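J.: Okay, handing you the structure first.
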Amino acid sequence: MGSTSLPGLAGAFLAGLLSFLSPCVLPLIPVYLSFISGESLSQIRDGSSGRFRLFLRSLSFVLGFTVVFVVLAILFGTGARFIGSSIPRNIMRGAGIVVILLGLNMLFDFIPFLRTELKAQAPNNAAGASKAFLFGMLFAAGWSPCIGPILSSILLFAAQSGNVARAAFLLGAYSLGLGIPFLLTGLFFDKTEPLLRWFKQHARGVKITAGILIIFFGVLMLTAGLTSITTFFIKIGYMLEDYAQTGTPPFSTIAGIIARWLLFQGA
């Protein structure tokens, strides 16, 4: 089953974005920015803190939690790979049920122990690039109970392929969804601050959207529904590959690149 298909990658990216917008991450984004820059929010807002320096430190922070998430994906993918090929379908169905329960809990909050939130405290002094990287790793560990339902669903979805590279690729897409908004906020804090306030005011809607997305992942795992979508993209890939051999440049070249990607993600 192609968990790294375009729908799978898009879903993982969206899950990362929803994690960024979650009620226990979004309100603390200004704290992260202030910590890694060593400047006040007013200085960040005015751009006097040096936006390029802030961008580099934000990038180190994002790389920090990306490393942790990708390592988790590798561990999950390796574990699924060693289970063998005789029972992965049953395991995938069981994982799908767990993911659906996590999604329902996002909507109705009926699992008490998932309400716990562990939050790492940012040091008072400014962070250089190396400290920002380490803080990103702490973020990945410290906020896991908060973003856990979303992260767990992506990890289980990645592990069911039994392919380490695909699992890492899927968690890379999740990290992009979580990291890109952080980088953009650091670069354009004065422009994104009103948008952040709007999302904080509509946190319930973000949570409902996240719950629906998690349930969607669970249903795909339970029914193998992504297989038909992947097959559709493979057929398009073969059609584009044929055009790449007979078409007119530069369209044939572009078709060939897209075809190789579609055939790779569906392999």
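J.: Can you tell me which residues in the stretch 25-40 are surrounded by 15 or more Cβ atoms within 10 Å (Cβ to Cβ) and farther than 30 Å from Pro149 by Cβ?
T.: Matches in the stretch 25-40: Ser37, Gly38, Glu39.
J.: A further question on this structure: Take the stretch 96-110 and flag every residue that is open to solvent by 30 Å² or more (accessible area, probe 1.4 Å) and among the β-branched types (Val, Ile, Thr).
T.: Passing the criteria: Ile97, Val98, Ile100.
J.: Let me ask another. Can you name every residue in the stretch 238-260 that is surrounded by 13 or more Cβ atoms within 10 Å (Cβ to Cβ) and not in a helix (DSSP H, G or I)?
T.: Within the stretch 238-260, Gly247 is the sole residue that qualifies.
J.: Being without any contact (Cβ under 8 Å) to a residue 24 or more places away in the chain and assigned to a helix (DSSP H, G or I) is the filter here; which residues of the stretch 186-221 pass it?
T.: Residues satisfying the conditions are Lys191, Thr192, Pro194, Leu195, Arg197, Trp198, Gln201, Arg204, Gly205.
J.: Looking at this structure, is Val62 within 16 Å of the chain's Cα centre (by Cα), loosely packed, with under 15 Cβ neighbours inside 10 Å, farther than 15 Å from Pro149 by Cβ and modelled with pLDDT of 85 or more?
T.: No: the conditions fail for Val62.
J.: So how many residues does the stretch 113-142 have that are at pLDDT 70 or above and in a helix (DSSP H, G or I)? Working first, answer last.
T.: Filtering the stretch 113-142 for residues at pLDDT 70 or above gives 128-141.
When the remaining residues are screened for being in a helix (DSSP H, G or I), the result is 129-141.
Residues in the stretch 113-142 being at pLDDT 70 or above and in a helix (DSSP H, G or I): 13 in total.
J.: Name the residues in the stretch 161-185 that are assigned to a helix (DSSP H, G or I) and either modelled with pLDDT under 85 or more than 30 Å from Arg45 (Cα to Cα) (or both), would you?
T.: Result: Val164, Ala165, Arg166, Ala167, Ala168, Phe169, Leu170, Leu171.
J.: Looking at this structure, is Arg197 under 16 Å from Val25 (Cα atoms) and either among the basic types (Lys, Arg) or open to solvent by 40 Å² or more (accessible area, probe 1.4 Å) (or both)?
T.: On the way: under 16 Å from Val25 (Cα atoms): yes; either among the basic types (Lys, Arg) or open to solvent by 40 Å² or more (accessible area, probe 1.4 Å) (or both): yes.
Spelling it out, Arg197 is indeed under 16 Å from Val25 (Cα atoms) and either among the basic types (Lys, Arg) or open to solvent by 40 Å² or more (accessible area, probe 1.4 Å) (or both).
The values are calculated or read from the model by the stated rules, or taken from the named source; none is laboratory data. Worth saying up front: this structure is predicted, and the values here are computed from it rather than measured. Positions of Cβ are backbone-derived with ideal geometry, glycine not excepted, and every protein chain shown enters the neighbour counts. Accessible surface areas use protein heavy atoms only, side chains included; no ligands, DNA or RNA. Shrake-Rupley method; radii C 1.70, N 1.55, O 1.52, S 1.80 Å.
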